[in-house]
1. Heavy-atom accessible area of Lys200 with all protein chains present, probe 1.4 Å, nearest 10 Å²?
2. Considering only protein heavy atoms, what per residue accessible area in square angstrom results for the chain with a 1.4 angstrom probe?
3. If you rank Glu279, Glu76 by how much accessible surface each has, with a 1.4 Å probe, what is the order from largest down?
4. Along the Cα→Cβ direction, 7 angstrom out, place labels at Phe3 and Lys200. What is the inter-label distance in nm?
5. With a 1.4 Å probe and every protein chain kept in, tell me what percent of the accessible surface of the chain is carbon plus sulfur.
6. Based on alpha-carbon positions alone, could you give the equivalent ellipsoid semi-axes of segment 66-176 from the gyration tensor, as √(5λ), descending, whole Å?
7. What are the extents of the Cα atoms of segment 48-90 along their three principal axes, listed from largest to smallest and rounded to whole Å?
8. Using only protein heavy atoms and a 1.4 Å probe, report how much of Glu273 is accessible, in Å² to the nearest 10.
Amino acid sequence: MDFQQEYDLLKGQVEKALAKCFGQERHGGSFDGLLDAMEYSLMAGGKRLRPVLTLALCRACGGDVESALSVACAVEMLHTYSLIHDDLPCMDNDDLRRGKPTCHKVYGECSAVLAGDGLQAEAFGAILRCGLPVERRAACAQALADAAGVDGICGGQFMDMNGGETDISEKVLTEMQSRKTGSLLIAACRMGVMAAGGPKELEAAAVQYGACLGAAFQIRDDMLDEFATVEELGKPIGSDASNGKTTFLTLHGRETCAQMVDRLTKAAKEAVEKLPDPEFLQALADAMAVRNN
């Protein structure tokens, strides 16, 4: 099986599990509209990179992929919540996400806020209610909380909203993006090892892999925001430049950014080379380095 077939297989497992999360809960109740908004954004497509990473790391550590599906879904729920809120008028004010109108454009701003809130809460519920041993559930929930809070997505988004449109240093930009983008990628990798009951040395390798992958992912994102098309990205392009934001591209230019992505991708591949089955994870790092969306 080649890399793309393997990726599509894991992604397909994630899609089936996600489709079951809220599809059976509508009973004509007054909050069915909220479930509609949550499911609209959750099932809008995308690469499903983060849950795929969770399943791939679990498998690479000898774990059962099926047993980690709830954890993988939790990662995607939390990611989707962050996207819904990121698109709101009070933040990035975007009209498109994954090629479709953003949640607040379809359901209204109030429902979009609550849809994000609901997905964040349900992410932790999915972990805490799953069939993994209790100590693994607790470890995964803590890792997700670390990625979601002030040391992760929320802290990074605050930095972005309160300084991202000024000339900031590379040090500040790196810290901001490591929180906003890198933290959940790292958590997705860690949670895969945790779901498998893997040892601390494999968790450390997963953290290093996720950190390098996340940094390369963000730099590539900055490049795509300038050079890709709306059709390729499924969202508006050029928003960083139009908002006067400092990015890795504005600091270093296209050629140096490409070199940075190459170095980080190599470091990510080296981080997992001692895992029992690193080939898929290494191929994934290569694929993310040249992605167009």
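The values are calculated or read from the model by the stated rules, or taken from the named source; none is laboratory data. Worth saying up front: this structure is predicted, and the values here are computed from it rather than measured. Glycine gets a Cβ as well: all are built from the backbone with ideal geometry, and neighbour counts include every protein chain shown. Note: accessible area is taken over every heavy atom of the protein model, side chains too, but ligands, DNA and RNA are not part of it. Shrake-Rupley method; radii C 1.70, N 1.55, O 1.52, S 1.80 Å.
1. 150 Å²
2. Computed with neighbouring chains in place, this is 44 Å² per residue.
3. The ranking, largest first, comes out as Glu279, Glu76.
4. 3.3 nm
5. 52 percent
6. Details: eigenvalues 148, 80, 21 Å².
In descending order, the three semi-axes are 27, 20, 10 Å.
7. Principal extents (Cα only, largest first): 44, 14, 11 Å.
8. 110 Å²
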